[in-house]
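The values are calculated or read from the model by the stated rules, or taken from the named source; none is laboratory data. Everything numeric here is computed off the predicted structure, so don't read it as measured data. We place every Cβ from the backbone using ideal geometry, glycine too, and count neighbours over all the protein chains shown. Heavy atoms of the whole protein, side chains included, go into the accessibility calculation; ligands, DNA and RNA do not. Shrake-Rupley method; radii C 1.70, N 1.55, O 1.52, S 1.80 Å.
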Amino acid sequence: MKQLSLIVVYLFAVLLPLVLSWLFGGPPRPVHQELASGLGILAFAMILMEFVLSGRFKSVSNGIGMDLTMRFHQVMARTALVFAMVHPFLYQGTPAGGHRPWDLTRQLTITTDLTYLSTGIAAFLLLPTLVLLAIGRTQLGYRYETWRLMHGVGALLIALLLLHHTVYAGRYGSQPVMTWLWLGMTGIAVGSLLYVFLIVPLRDKARPWRVVSVTRVTPKQWELIVTPECHDGFDYRAGQFAWLNVGHSAFSLKENPFSISSAPAGGPEVSFLIKELGDFTRTIGQIKPGTAAYLDGPYGSLSVDGRDEPGVALIAGGVGLAPLLGIIRQMRLTGDRRKVKVIYGNRRIDQIAFRDELDAVDVTYVLSEPPTDWRGETGFIDAALMDRVFSPDEMRDWVFVMCGPAIMMDIVEGHLLQRGTPNNRILSERFEYD
Ligand SMILES: Cc1cc2nc3c(=O)[nH]c(=O)nc-3n(C[C@H](O)[C@H](O)[C@H](O)COP(=O)(O)OP(=O)(O)OC[C@H]3O[C@@H](n4cnc5c(N)ncnc54)[C@H](O)[C@@H]3O)c2cc1C
């Protein structure tokens, strides 16, 4: 239901400028010109909505999940790019020239005034650059923080260039109603950016945290525990995640998303299970207890709270255990009577984290590089293993929560759907955010 209302709001916001342009834009022109303007208008509206989609608004991402929100952000960015790239070429054949006083609706010509066109041309060049840099971010190898800053500044520049271009070069944008609408929508987009880079840090600064402990739990995984300082912590649901900033200013871009592996019922301390991967996570072991930290969250929709299925299936690959650990802990602490089964896959035996705790529930460990004396499951989490662990009734009636490598999630999800698990009983979180 929430997803549907968000889609309706999105469509409303994106289509509103198109509808108002049509209502207030004057007499119609040849189809190709209308199509050109329409695509330009749609592209600009979609680009402005991209700011809201990536704005860490809980009302958006907690309803449909952060990864889905970001996938939608990426798909819409590519769609808007195509619209924006096609739009100028569709004006082919339209007489060009300066604005003619007798052609009040700009029906007969398109402008050639370079001042008005130059902002459009600049945006036309910048937009594909921004999208391509985002698509090739990992291959290009620059730091995530650098990319994030570039992406934010680039997007802001594009929005401002397009605002100028739309209002001054566009036939429709120059109508007073449309000018105000574009100004308002650009204001919301810029506001979203300010919210992430200014308001959220200000809010986090007022609610600092402190590192309690950093403990190695496997050769490459650490448990980091923080405690609220002079406040009562935050309200979260087991399975959600937060952006963690340790040892930097609240305004620093050096913050990373991590699932919360503690349970809200366990008290105000919050713990994370963190795997060494890159420049921040490889230095986790050097963090000293007492270091100041900031948490922005909670985010995400990976939660089984309030659901009425008779059982909860938790499927984790590697550090994907983190949010599921939070769910297991919460269920234990609250005396949750639903049945639980866990499948936990790793490469090697020494990568299994929190084994003592997991042994207390119905858990199936899977190792792809087992030691010779291993008597558990071997290989990868696949369809055959799912069929061994879950009965057809469980597949049909339980809620399935999974987190791990993309390939594992694709296989598990595909198999569940094949076995008749409804879509709304399959919850997943991908550890990717761009
Ligand atoms: C919703 C979510 C939950 C996650 N939960 C966990 C968890 O519980 N445990 C765990 O070990 N890992 C988790 N991750 C992955 C974790 O965020 C990255 O491994 C970590 O940010 C890598 O940072 P780095 O600086 O060490 O590595 P880098 O080498 O700098 O980055 C490696 C990759 O991590 C991602 N990344 C880096 N910095 C950020 C950032 N500031 N924001 C978003 N993505 C970034 C980028 O894709 C980057 O390419 C989660 C990711 C997401 C999106």
So, first residue not assigned by TED's automatic domain parsing to the domain that holds PHE354 and in a helix (DSSP H, G or I) in the stretch 272-299, second residue at pLDDT below 95 and near the ligand (Cβ under 7 Å from one of its atoms), Cβ within less than 8 Å, six or more apart or across chains; the pairs are THR281/ASN256
Report yes if LEU126 is in contact with a Gly (Cβ under 7 Å, 6 or more places away or on another chain), of a type outside the set (Gly, Ala, Ser), at pLDDT 70 or above and surrounded by 15 or more Cβ atoms within 10 Å (Cβ to Cβ), otherwise no. yes
Exactly one of ARG210, ARG237 is of a type in the set (Lys, Arg), more than 7 Å from the ligand (Cβ to nearest atom) and closer than 28 Å to GLY63 by Cβ, and that one is ARG237
- prompt: Hey, does the stretch 34-43 have a residue that's open to solvent by 10 Å² or more (accessible area, probe 1.4 Å), of a type in the set (D, E, K, R) and in a loop (DSSP other than H, G, I, E, B)?
  reply: no
**Prompt:** Does the stretch 247-255 include one or more residues that are of a type in the set (A, V, I, L, M), open to solvent by 30 Å² or more (accessible area, probe 1.4 Å) and more than 13 Å from the ligand (Cβ to nearest atom)?
**Reply:** no
Within the stretch 364-392, of all residues that are of a type outside the set (Asp, Glu) and under 22 Å from ARG216 (Cβ atoms), the one least open to solvent (accessible area, probe 1.4 Å) is LEU367
Next on the checklist: Tell me yes or no: at least one residue of the stretch 403-412 is under 30 Å from GLY136 (Cβ atoms), within 16 Å of the ligand (Cβ to nearest atom) and open to solvent by 50 Å² or more (accessible area, probe 1.4 Å).
Outcome noted: yes
Among residues of the stretch 257-271 being open to solvent by 40 Å² or more (accessible area, probe 1.4 Å) and free of Cβ contacts under 8 Å to residues at least 60 places away in the same chain, the residue nearest to the ligand (Cβ to nearest atom) is GLU269
### Message
If I filter the stretch 145-153 for residues that are open to solvent by 50 Å² or more (accessible area, probe 1.4 Å) and over 23 Å from TRP243 (Cβ atoms), do I get at least one hit?
### Response
no
